[in-house]
Every structure is written in structure tokens, then in C-alpha cells.
1. Could you run the Debye sum over the Cα atoms of the protein assembly as shown, one equal point scatterer each and no solvent, and tell me log10 of I(q)/I(0) at q = 0.07 Å⁻¹, two decimals?
2. Per 0.36 nm of contour for each residue apart, how much would the distance between B:THR105 and B:THR34 grow if the chain were fully extended, relative to their Cα-Cα spacing?
3. Given the options A:TYR215, A:TYR88, A:TYR314, state which has the largest fluctuation in a GNM of chain A using a 10 Å cut-off (strictly under) for Cα springs.
4. What is the log10 of I(q)/I(0) for segment B:253-385, computed with the Debye formula using one identical point scatterer on each Cα and no solvent, at q = 0.09, 0.13, 0.21, 0.22 Å⁻¹?
5. Give me the one-decimal nm value for the distance between modelled label points at B:MET86 and A:GLU29, 7 Å along each residue's Cα-to-Cβ direction.
6. Pairwise over distinct Cα atoms, reciprocal of the mean inverse distance: report the Kirkwood radius of segment B:125-504 in Å, one decimal place.
7. Work out the FRET efficiency for A:TYR218 and A:GLU319 from their Cβ-Cβ distance, taking R0 = 45 Å, and round it to the nearest 0.05.
8. Identify all lysines with a Cα-Cα distance to A:LYS147 below 16 Å; exclude those on the same chain that are fewer than 8 residues away in sequence.
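What follows is calculated from the coordinates using simple rules that are stated; it is not laboratory data. Predicted, not measured: the structure shown is a model, and the values here were computed from it. Ideal geometry is used to build each Cβ from the backbone, glycine not excepted, and the neighbour counts take in all protein chains shown.
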Amino acid sequence: MCGIVGIINTDRKLIDGNYIREAIRIQRERGNGLGGGFAVYGAYPENKDKYAFHIMYEGSQNNPYISMVEDYIRSRMVIYHSEQIPVYPNDRIPRGPYFKRYFLKPLAEFLAPEQTEEDYIVEVVMAINKMEGAFVVSSGKNMGVFKGMGYPEDIADYFRIEDYRGYMWIAHNRFPTNTPGWWGGAHPFTILDKAVVHNGEITSYGTNKRWLEMYGYYCMLQTDTEVISYIYDKLTRGDKLPPKDACYVMAPSLWEDIDRTGDEKKKNLRQIYGPAIVNGPFGIVLSHSNGAIVLNDRNKLRPVVCAKAGNTFYASSEECSIRLLSPDVDNLWSPRGGEPVIIDFSVEDTQELRGRKAQWSLW
Amino acid sequence: MDDMKNNWKIIPPFHPEFDLERCDYKNGCKICVTECSFGEISLKPEKGKDGEIQYRPWSNMSACNACQRCVKMCPQNAIHIAFKPMHTSHGYWTSDYVGNLWRQTGKSGGVLLVGTGATGPQKRYFDYMMFDACQVTNPSIDPLREPMEIRRYLGSKPERYGEKIGPQLKLEVPIMFAAMSFGAVNIRVHEAEARASQIVGTYWNTGEGGFHKNLRQYGGNTIVQVASGRFGVSEDYLKSAAAVEIKIGQGAKPGIGGHLPGEKVSKPISETRMIPEGTDALSPAPHHDIYSIEDLRQLIFAIKEATEYKIPVAVKIAAVHNVAPIASGIARAGADIIVIDGFRGGTGATPFQIRQNTGIPIELALSAADRRLSEEGIRNRVSLVASGGIQCSSDVLKLICLGADAVYIGTPVLIALGCGVCQRCFTGKCPYGITTNRPGLAERIDVESATTALVRLLMSWSEEIKELMGSMGISAIEALRGNRDRLRGVGLNEEELKILGIKHAGT
């Protein structure tokens, strides 16, 4: 059992972290103090063309691994700026690992032929995660993740997330069941600009993990959630599937329905991406620079409520979080199992929708 | 010399015992005598109370194989099979070894033949692997309430959507009927397999003995085999099926060919195999046109050309030491499906020493092959089918967790038809009419009833598989393929755990 919340402003209006802190705090019942975390989009507008790496180092800032990791980064990327992520220890979280933030760019000549910049970044992230004592907490542009051991509101205070402003926030309140609570194991999990908060347990983990390993994704964080972000990344970025199809791969319809409708595409997606199916109960919010996705397992074994108020979209494990922030939402519904809710900002750029709010698709 | 004859006498471990109080011999019943095709039971004249001669059943103490046919057919339940093995006082020279030597030296000598799969004491790894189940944090799924999907598609899949997807076999259950040739088994067994496959939505395999013309209507559910003897292979044959399987080897006799004696080659068999009546049907040990992987590639593509790339081509190999690189080579040679047959796999006839001592367990072989293909990033390109020694539905699911897309079952099919695994398939005297084409015996298989039995076999195993999946919180079987996280080892050493890719229980 865990709690998740997402607040997405489709006009990209920035709000500070207090809102999401309150929204996840009210779900305290869903966690047990062994993990909380936040992802914010739009936090680094002055460095938005650079990859913002949040890296967690075990131990203190005297950790000898830091220089090793930094040497590695320097060998692969240009570091434009690096700094300690400010933390504010308090009586609830008196200490934590050492966090650093880097703004990075690979030089064009570093890339192998045919390799995209993003492939390159994934390679670097996987390499750092394999190194001892260091974990890449987030690696996307103009976004960042703050997470750790504790109740989410305490984590919020530890990082003072009210100092950050973003147009999209997602949060997680953890009640760990299969892997121990530790700083790196808190949600969200990210790869590039994709972050996932997840409530559930993935029984297909072994199958998913093996499939991902074929494509150079290594699951190092001892938790099932990271496979979702990797699967989504592989499908959308690697295989160029639209978000709708990527969701379909993770939570496909029944063969029975595919047979009845005779939908060749769905059949082929399921045949090809069998090992990427996500089984077990889950409710997720998966965010990326251009939108977000809310998805439930096919049997709807975890709660997720969605709502819309003006240009703000909410997704939450509990309705109370939404009512707290927006007592009179326009529209509130519970998506059906396996039917993704997709928020896509990128359609803003098209002529007819310019300046309009994003497309809502219930599919 | 004659004085020595009895030195080699085989002391029969089994014989039927008759409860004469129950037996109906006084009324002339002699069902057991006619049912026993091995000639173990005869009638012994005996004087009744009124001086009338009556014939009672009598065990010849010479030919019983414990097939249990007489026991099952006796209307009075008056028979049981006694097991009285010979004892030697020697702890090393046990009756098995002594008996086999007498068997070889007493008669004409030569290679000991035997039917069915290996019986040795090697570890059954299935028993040392336990499934996970959902508790608290994760709701188990009730297959009676929620949809539970066990459909599989076999065939080559591209890496990503948009690329061409190869021809696929659609399996409504992840179980197919393994190759057993016409000649080795009765045509009625083939017909029952074909019908059951059609009803359930899976496939049966003709084996290497050709595809009888009367069964071609079931071609959509048939996999035809191309083995080293090339029996019955023609363009029509290849095109009549849903898939073609190139048989390189089988678990019961890796590296060994086959031999159907001329006396078994009757008219229908000669027609189907396309060889003259009464001639021995010899399958050479290797394919005479395949001396390495590049030759296999040519054969694969020759078949694909002949079938216009419309149906998948499978390659079947026995599980041997080097199975992982061989599987990788076969995948790269263009096969769509790789079948790996473990050393426990059955057969109609195999040299005893080969059966008992060659090959490796399917659990280890499959896991190694699946890992190798994944590591090389070509797991999508082929489907893996495992077989050899599967005894129950949980074995099926454990193999799926170790990386199988589907499985073949052979011996369970025969057992479902009555077989009592007496290991005498090669004699052509099968008392159940399964591995014989002898008139009088072959008719013991009734196609209707046999079909029903095979459908029940598939359905009951499917139900059990769904129950197991539900308890693990899995609603689609593809989420279980290669999902070693759902298995834990109990009492396996580190090396075994590493090869299987599973953790020990408690971790």
C-alpha cells in the first residue's frame, strides 16, 4: 500500500511545492514513514537545455566514491555547474545521504554514430548506478527528484521543496513491502525526464527485468517500480510508440477482446511486447516533460482517482488530496483498469490548439 | 552348453497373481488371457469338484511387464501384479546390472533396447523449486472470477512494433503434443491427438513417420517433422501443416537415429513414410546433409522457401552439455522455434545405455538456453519449447518460469490413453494398442474416447495452471515467461541455483 499524487498544470503555470506537500501529507495513512518523494518539472528554467542530474552518494560528502563518479562523469559529459543540493535536517529526519546536483551536456563528438543524446545519457546513468555508493536520482532536463526515508511531508521539509516551483509535481508516500526502506528505494523512479510513482507490486518483474536487460537497462535499485519507467522509456523513446500504445503494452486488453474486434495492431503489440506486460496490482502516475500518464492494472486492484479543475489536472490514490487543493473540481472520475488517462502537452504546439489546454484523452 | 542354459535365466520381477475366489474362470471367463499381449497369462486345466475340467488363469512367470492391462480389464477385480525383484547379496552388483548382463549374454547379445524415458536416480529439479504466492501486499487472483490468460504465440518476433512479424502459431494452452511417429504409435493415437488439438486450440506433432493422408484435414493444428530419415517428406507434406519441425535429436536418444523394423512397415505405414512395404525404416544418426550449423541454415531456408515463408520452422534438439550456444546458433540460423528435449524425454525404442546416460535435465538446459539468448539480445527472435520429463501441470509452469514459451508433452499423452509405462513400446505388443499397429491390438484405441481423454488432459492441466498463476498474482502467462523471481529453490546448491537463475528459499 502506498499513496500517490500528481498535480499537472497544462498551461505550464508554475506552482511551489507546498501544494503537493499538503496533498500527499493528507494521505499519511497510506505510508509508514519508510519513504517519500517528489518530482518537479520546470524547476530549472535557467538550465533547461542541460541534463539535470541529481545524484545520491551514500555516507557523507567525504565519500571517496564521489570523486570516482565525478571523474567518470567528466570523462563522458561536460559539467556546466555542480552544487550540493541544500538539505535542512530536522528532528524527524536528522541526517541523510549526500546529494549533489549537476547540469550536464554530452559533447556531440562523444556520441557513437547513430546514437542519440538520450541513448547516451541512459548509458551514463546505467554506468553510474552500477558503481558503488552512488545512485542517479534523476537525470532529465528542467526537472528534479527529491526523495528519501521518512514521511513525504518530512522529506518535503528536509529538502524545502517549497523553494522549488514547477508546472507538474508528482509525489509518493511509501509503505514498503517487498524491498527494504532506504533512500534510493523511495519513489519517484526516473530515467531521463520520465518519473514514476507507483502504488502496487509487480508480479511480472522477473520477466520485465530480463527483457529490459536485453536493451541495456539494468534494474539496480532493488525495487519493482523502476521497471515501469524503463519499459515506458524503451517503448516511447526507443521504439517510438505513442504513449497510448506504450500503455497498452503494459496493460493490454484481453485476447478475447482482441479476437472480437479483430484489431491487428493490438494483437501484434501484445505478441511482440509480451515480456513487457506489467502484471500484479498497480496504480501509477508517470510524468515526462510533455505530459503525464495515469494507469491502473487490468483488474483495477489499486485505487486511482483523476480530476480536472480549470487547467489543472489531478491524479491521486485518494479523493481527499484532490478535494483539499481544489474543493470544487469540474470533473472527477475513477479510470477503469487498464485504461490509461493521457495528458499530452505537446499538442499545445499545434495551430488549432495553441494556447488551449492540453488534450484529454480517455482511451 | 545346454547345461548352462538356466545360468542366464531372467528372474521376472513381476507376475500377475489371481484371486481364484473372485475369478470367474468357472464360467469360462478368460479376458485376462486375451488382454495380455505379452503372453504372460495362459490357461491351466484343472479338475473341478464334479470331475469336470476347468481352465484357470495361470502366470507363466516369464513375460510380465507390469503394464496393468489384465488388472484393469478383469471384471472381477481378481488380479494384482506382484513385484518380487531378484535380490543379490551384493550391494554393488544389484539386480539391475546382473539381470542386464544375463540378458545380454544369454541370448543373441547386442544392445539392450528399451522404451519410454530415462529412469535413473538423477535429481528431478522440479521438486526442488517452489512457487511464490500472494499474501497481504498483493491480492491473489481468483481464476473463477477474473480472466486468466494462458494463450501463447510461438514464432519469431521482431524487436519493436512496426517491423515485420513472422508467422505465428496460436496456442490456447501452453501445451502441445510431442512428436510420436506413425509406426511408433498407432494411427488412432494420431487421430485422437489431432482432434484434441483442434478442439482445444493447440498443436500435435506427426513425428518423423509422415503425415497420414486421412488426417490432413487437421493440418491447421499439425506440426510435421523433417528428421534424418526424411520419411514422407514432400512439398505437399510441408505445406499441409501449420509448422515444420526439423528434428536433430531427442532427449531419449541424443545423437542416435531410429529404426523401425521391416515387419512393422505395413501398407499404410509404407505409404505414409514413402518407403517400400516391409523394408526397415532407418533414420541415420545425423542428417546426412547437416554437418554443421551452416548446413542447418540451408535446410531451414529450403523449407521456408518451399512453404513460402508462411509457416514457422522449428528445430528440435536434445538437451546436451553445450545446449546454450547451440540454441544461439540455431536462432541465428533462422529458426523461429527451438525445441529442447531433456534427457527424461520418452521414446518408442532407445538403447538402454543412451537413455540412461546421455543428455542433461531439461530444467538446467532450458534455463541456460534462455539466459544465453537473452544475454545475446536475440530472445525475441525465437520461441523456446521445452519437453522431456514433464509429469504434471506445475512442471509445465516451472518450465515457463525458467524461460519456456510452451511445452511439449509425450508420455503424459500416452498415460492419458491408458499406458502403464511398462517400457516395452518397441516390441509392438503394446497391450493398450498405443505403440502397435497389430490388428487386434490397435483397435483397443477408440478414437472418440481417446480424443475426450486428451481434451480432458489439456483442460485439467490448464485449470491447474490458472490456479497456480492466480495464487502468484499473474493474470497473463506471458508475464511468467522467464520470471524466475516467482520461483525459489529448496535444497539446491549454489551452482544449481546459479544455472537455474533462482534464489534459494528464504531470500
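1. -0.64
2. 22.4 nm
3. It is A:TYR215.
4. Scattering profile of segment B:253-385, log10 relative to I(0): -0.33, -0.67, -1.25, -1.28.
5. Label at B:MET86, label at A:GLU29, 7.8 nm between them.
6. Here the Kirkwood hydrodynamic radius works out to 20.8 Å.
7. After rounding to 0.05, the efficiency reads 0.75.
8. Within the straight-line limit of under 16 Å, A:LYS147 reaches these lysines: A:LYS100, A:LYS194.
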